[in-house]
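Down below is the structure, laid out as structure tokens.
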Amino acid sequence: FTSFFAAQVLCNLLFDSISSCFYFPAYFVIGLRLTAWQFFTFLAALVTLTAVTGAAGLLVGSTTSDFKQARQIILPMLQVPLLLSGYLLPKNDLPNFLEWAYWLSPFQYAQSIILINEFDGRNFSDGVAGSDYLHEQGLGSEDVARNFGLMIAMLVGLLIAAYFGAQRRFRTIVKRM
């Protein structure tokens, strides 16, 4: 069972990396900075986010009995963190009782990495410094490594939970045979 699960995870990670290649055109269409460091940081943030959300799907799939049940769980599991990630509702506008959800959202960590990647060290034509904007958002260049680490920790945690969920489900199926 462990070999099967490891193969599944490796295939998912490979697929996540390949599917993230579809972000290539967006990077250039949006007009983000054209340096290799910024491009690969952007890509790494999106690949990591895709892997985290894929692991959430694997967890739900390994613990539910059918597609309908999985869909009922995964949609709110991903939509709520997306809504509370600071993109649609700024962090400062969130009610205090929902602030914890902001910190649990993998979307906000990826978004923060991309913001830092684009604005740090950049000055705009109207005299505004990108670092001033980042400071207003409570972000700094030191947050990039932390945010990657937190997303990787979420990925590992979700994969461990998915492993035990799938193992439990596998044992249940084998007992019925």
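Before moving on, here are some points about what is shown:
- Degrees separating the helix 36-63 axis from the principal Cα axis of the chain, which is the longest one: 30 degrees
- Against the main long axis of the alpha-carbon atoms of the chain, helix 2-19 sits at an angle near 30°.
- For the set THR35, THR41, the ranking by accessible area, highest first and with no ligand, DNA or RNA atoms included, is THR35, THR41 under a 1.4 Å probe.
- Given charges at beta-carbon only (K, R positive; D, E negative), |dipole| of the range 1-156 in Debye: 460 debye
- Of the listed residues MET151, MET77, MET177, the order by accessible area with a 1.4 Å probe, largest first, is MET177, MET77, MET151.
- Per-residue [θ]222 nm for the chain (sum of -39500 (n - 2.57) over DSSP H runs n ≥ 4, rounded to 500): -24500 deg cm²/dmol
- The GNM of the chain, with springs linking C-alpha atoms under 10 angstrom apart, assigns the highest mean-square fluctuation among ALA110, ALA56, ALA36 to ALA36.
- What the Kirkwood sum gives for the range 105-152 is a hydrodynamic radius of 10.9 Å, with every pair of different alpha carbons counted.
- P(r) tail for the chain: Cα pairs beyond 21 Å make up 57% of the total.
- Rg to Rh, two decimals, where the range 18-84 supplies the alpha carbon set and Rh follows Kirkwood: 1.11
The values are calculated or read from the model by the stated rules, or taken from the named source; none is laboratory data. Just so you know, these numbers come straight off a predicted model, no measurement behind them. Methodologically, a virtual Cβ is constructed for each residue, glycine included, from the backbone with ideal geometry; neighbour enumeration extends over all protein chains shown. The protein model used for the area step is the full one, side chains on, heavy atoms only, and it has no ligands, DNA or RNA in it. Shrake-Rupley method; radii C 1.70, N 1.55, O 1.52, S 1.80 Å.
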